[in-house]
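Colleague: Let me give you the structure first, and then I'll get to my questions.
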Amino acid sequence: MFDRIAGRYDFMNRLLSMGIDVKWRIKAIKLFIPDAPKVVLDVATGTGDMAIRAAKLLHPDKIIGIDISPGMLDIGRRKVEKEGFKDVIELQEGDSETINFPENSFDAVMVAFGVRNFQNLEKGLSEILRVLKPGAQLVVIEFSKPRIPGVRNLYNLYMGIVAPQMAKWFNQNKKAYQYLNESAKAFPDRQQFVTILKDRGYSNTTFKPLSLGICCIYVGRKPLPVA
């Protein structure tokens with residue numbers, strides 16, 4: 001499914017979010033600035049959008065982006081080369097549930113609009129915790145179900161009808177955007193997701209709603225060893 005929509009994925013993201021997703025991504029990446037991470041993992045990197053923005057904002061030595069979609073990665077590699085980050089960003093096929101790196105490999109891990117696609121959410125979060133260095137931070141951006149009644153109704157209308165129809169108008173896979181709505185509805189958001197993070201072993205877990213609650217940023221850290 002993601003291979004089929006790869007060619008216009010970035011365009012549709014900007015269109016359907018009216019560009020707000022860019023602000024969400026930047027806000028999330030800036031949470032890493034105090035840690036000054038040198039080696040960063042971008043899980044479900046897609047076309048490398050987060051990786052490229054992180055390279056510009058964080059100036060790390062290396063960013064590894066993993067994704068299961070070869071089509072998305074092909075687009076991402078072309079973007080990385082065009083932006084001049086070929087020596088910094090490496091995009092490779094990889095599964096969130098079996099991350100092919102040793103324990104304690106990364107100073108930071110980020111996931112933008114990808115955790116709801118994990119086949120096994122708990123296993124994916126455990127794998128991320130495994131490859132994080134002690135004290136390092138995970139930052140997740142994901143859609144959320146708005147709690148304000150009027151906003152919730154508009155959001156449901158937009159996600160359930162408008163977005164799939166717009167995808168059809170632009171010759172995109174309508175079913176992919178119907179899946180977007182279904183997966184966002186099924187995702188255990190807000191405090192539920194924070195609880196899952198805690199249960200997986202993360203510390204300092206919090207979430208912050210953005211844009212009237214249609215999206216949330218989640219953070220958690222790998223605990224430091226007990227002295």
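The values are calculated or read from the model by the stated rules, or taken from the named source; none is laboratory data. Model, not experiment: these values are computed from the prediction. With ideal geometry, Cβ positions are generated from the backbone for all residues, glycine too; neighbour counts draw on all protein chains shown.
Colleague: Taking the criterion of being within 25 Å of Leu210 (Cβ to Cβ) and in contact with a Gly (Cβ under 6 Å, 6 or more places away or on another chain), would at least one residue in the range 85-94 satisfy it?
Modeller: no
Colleague: With the requirement that a residue be of a type in the set (D, E, K, R) and modelled with pLDDT of 95 or more, what does the range 89-112 give you?
Modeller: Quick first cut of the range 89-112, residues of a type in the set (D, E, K, R) only: 90, 93, 95, 97, 103, 107.
Those that are of a type in the set (D, E, K, R) and modelled with pLDDT of 95 or more: Glu90, Glu93, Glu103, Asp107.
Colleague: Residues Val80, Val151: which one is surrounded by fewer than 18 Cβ atoms within 10 Å (Cβ to Cβ), touching a residue at least 12 places away in the same chain (Cβ under 8 Å) and assigned to a helix (DSSP H, G or I)?
Modeller: Among Val80, Val151, only Val151 is surrounded by fewer than 18 Cβ atoms within 10 Å (Cβ to Cβ), touching a residue at least 12 places away in the same chain (Cβ under 8 Å) and assigned to a helix (DSSP H, G or I).
Colleague: I want to confirm something. Restricting to the range 143-163 and keeping residues that are closer than 13 Å to Ser183 by Cβ and at pLDDT below 80, which single residue is farthest from the chain's Cα centre (by Cα)?
Modeller: Selected residue: Gly160.
Colleague: Within the range 91-124, how many residues turn out to be aliphatic (A, V, I, L, M) and closer than 10 Å to Val43 by Cβ? Please lay out each step first, then the result.
Modeller: Initially, the range 91-124 is screened for residues aliphatic (A, V, I, L, M), giving 91, 99, 108-112, 115, 121.
Still in the running and closer than 10 Å to Val43 by Cβ: 99, 109-112, 115.
Number of matching residues: 6.
Colleague: May I pose another question? I'm trying to understand the selection: among the residues of the range 187-227, which are small (Gly, Ala, Ser) and assigned to a loop (DSSP other than H, G, I, E, B)?
Modeller: Residues satisfying the conditions are Gly201, Ala227.
Colleague: Please state which of the following conditions Phe85 fails to meet, knowing it meets all the rest: (1) modelled with pLDDT of 95 or more; (2) crowded, with 20+ Cβ neighbours inside 10 Å; (3) in a loop (DSSP other than H, G, I, E, B).
Modeller: Among (1) modelled with pLDDT of 95 or more; (2) crowded, with 20+ Cβ neighbours inside 10 Å; (3) in a loop (DSSP other than H, G, I, E, B), the lone unmet condition for Phe85 is (2).
Colleague: For the range 41-66, enumerate the residues that are under 10 Å from the mean Cα position of the chain (by Cα), at pLDDT below 95 and among the polar types (S, T, N, Q).
Modeller: none
Colleague: On to the next question. Looking only at the range 127-142, count every residue that is closer than 22 Å to Lys208 by Cβ, buried (at least 19 other Cβ atoms within 10 Å of the Cβ) and modelled with pLDDT of 95 or more and tell me the total.
Modeller: Restricting attention to the range 127-142, the residues satisfying the condition of being closer than 22 Å to Lys208 by Cβ are 128-129, 132, 135-142.
Subset that is buried (at least 19 other Cβ atoms within 10 Å of the Cβ): 128-129, 132, 136-142.
Okay, now just the ones that are also modelled with pLDDT of 95 or more, so 128-129, 132, 136-141.
Number of matching residues: 9.
Colleague: Looking for something among the aliphatic types (A, V, I, L, M) and either modelled with pLDDT under 95 or not in a strand (DSSP E or B) (or both) - is there at least one such residue anywhere in the range 118-126?
Modeller: So the first thing to find is which residues in the range 118-126 are among the aliphatic types (A, V, I, L, M), and the list is 121, 125.
In the following step, the residues that additionally are either modelled with pLDDT under 95 or not in a strand (DSSP E or B) (or both) were identified as 121, 125.
Within the range 118-126, one or more residues are among the aliphatic types (A, V, I, L, M) and either modelled with pLDDT under 95 or not in a strand (DSSP E or B) (or both).
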